[in-house]
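Colleague: Have a look at the structure that comes next, please.
The values are calculated or read from the model by the stated rules, or taken from the named source; none is laboratory data. This one's a predicted model, so the numbers in the text were calculated from it and none came from an experiment. Please note: Cβ atoms are built from the backbone with ideal geometry, for glycine as well, and neighbour counts cover all protein chains shown.
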Ligand code: AMP
């Protein structure tokens, strides 16, 4: 059975970031895993967003999300609260960054209540946020068919058991290389993947920044996709979430978890991540003409082709 063009439900951070790169700085950059995810996924399938913001969250960002067709009935606005804030500084070359500050603010007490219309969602993405909130949302969805999850080192450190509980119920895990090693307590990426598959997710996407992504499939096969070599990386924040948006959006569009569908999704994810890093915040992910998205995808296919054709 396929579920062609299902809406994808996402829960995750919606944030105001303070980004410092070696050459530039943006103090109030709208970010958050669910924001980037939604913007990227909206090119492929309808998106329903579950999250929380405070009174300081800009109306312009709400309008941008709505403009992209994202359903915000599940976004709570706390008039007496402050939005999640994160501050990070990138090193020279932009491959590494330090987290300087994290303020959970309204996410600290957040208890998601899904709008009734969201409960039948069959495609679900648990973007990066406390694992407890990921589980809360998972429990309110009646019969999810495709469940993806992303996480980060902080939650592997401080919410390990809850994260493992969430992972037991997940089909696809998207995770950075370093985080995969940390989660599995292995020092080799293939061994880490095999170990993590035992925790629950049978499909594993290991993101390796500028070196692309590896997909580990249930039967043991591996697919590798490059990242686009770009000279003009402005701000890598949200690359992983935009990858996840393109990836899950594509899966929701095709409605299947076959090897071909998941490999295809990896290339759409790679294409959306490559747009994201070319601007601050979600600047490059708004208003992309369909042609721009499909030609970026075609560039990825070309990068992997043995015969360039004529
Ligand atoms: P990425 O670059 O894909 O890892 O995502 C960066 C986004 O993650 C930023 O916009 C941050 O607001 C958000 N973020 C950073 N730390 C956390 C955290 N502990 N939980 C949830 N989201 C976070």
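Colleague: Select from segment 137-175 the residues that are more than 15 Å from the ligand (Cβ to nearest atom) and in a helix (DSSP H, G or I) and write down the one among them that is nearest to residue 12 (Cα to Cα).
Modeller: 138
Colleague: Additional query: Which residue, of 229, 201, 218, is in a loop (DSSP other than H, G, I, E, B) and under 30 Å from residue 23 (Cβ atoms)?
Modeller: 229
Colleague: Follow-up question, since we're still on this one. Find the residue count for segment 209-224, including only residues that are without any contact (Cβ under 8 Å) to a residue 40 or more places away in the chain and surrounded by 18 or more Cβ atoms within 10 Å (Cβ to Cβ).
Modeller: Selection size over segment 209-224: 2.
Colleague: Take the residues in segment 37-64 that are farther than 16 Å from residue 134 by Cβ and in a strand (DSSP E or B), then tell me which one is nearest to the chain's Cα centre (by Cα).
Modeller: The extreme case among them is 47.
Colleague: Do you know which residues across segment 126-135 are buried (at least 20 other Cβ atoms within 10 Å of the Cβ) and assigned to a helix (DSSP H, G or I)?
Modeller: 131, 133, 134, listed by residue number.
Colleague: Within the bounds of segment 186-198, is there any residue that is under 20 Å from the mean Cα position of the chain (by Cα), away from the ligand (no atom under 13 Å from the Cβ), within 22 Å of residue 145 (Cβ to Cβ) and at pLDDT 95 or above?
Modeller: Looking for residues that are under 20 Å from the mean Cα position of the chain (by Cα), away from the ligand (no atom under 13 Å from the Cβ), within 22 Å of residue 145 (Cβ to Cβ) and at pLDDT 95 or above, one finds at least one in segment 186-198, hence yes.
Residue-by-condition table, conditions (1) within 26 Å of residue 6 (Cα to Cα); (2) touching a residue at least 60 places away in the same chain (Cβ under 8 Å):
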| residue | (1), (2) |
| --- | --- |
| 118 | yes, yes |
| 125 | yes, yes |
| 144 | yes, no |
| 162 | no, no |
| 168 | yes, no |
| 194 | no, no |
| 226 | no, yes |
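Colleague: Just checking, which of 73, 96 is over 19 Å from the mean Cα position of the chain (by Cα), more than 10 Å from the ligand (Cβ to nearest atom) and surrounded by fewer than 17 Cβ atoms within 10 Å (Cβ to Cβ)?
Modeller: 73
Colleague: A further question follows. Among the residues of segment 239-265, what is the count of those that are touching a residue at least 24 places away in the same chain (Cβ under 8 Å), part of a helix (DSSP H, G or I) and away from the ligand (no atom under 16 Å from the Cβ)?
Modeller: Residues meeting the conditions: 8.
Colleague: If only one of 286, 237 is within 30 Å of residue 89 (Cα to Cα) and surrounded by fewer than 24 Cβ atoms within 10 Å (Cβ to Cβ), which one is it?
Modeller: Every option except 286 fails the conditions.
Colleague: Further question: Any residue at all in segment 23-40 that's farther than 14 Å from residue 281 by Cα and either within 16 Å of the ligand (Cβ to nearest atom) or in contact (Cβ under 8 Å) with a residue 60 or more places away in the chain (or both)?
Modeller: no
Colleague: Can you tell me how many residues within segment 1-36 are in a strand (DSSP E or B) and either at pLDDT below 95 or surrounded by 17 or more Cβ atoms within 10 Å (Cβ to Cβ) (or both)?
Modeller: 14
Colleague: Looking only at segment 70-107, which residues are outside any strand (DSSP E or B) and more than 12 Å from residue 13 (Cβ to Cβ)?
Modeller: Result: 70, 79, 80, 81, 82, 91, 92, 93, 94, 95, 96.
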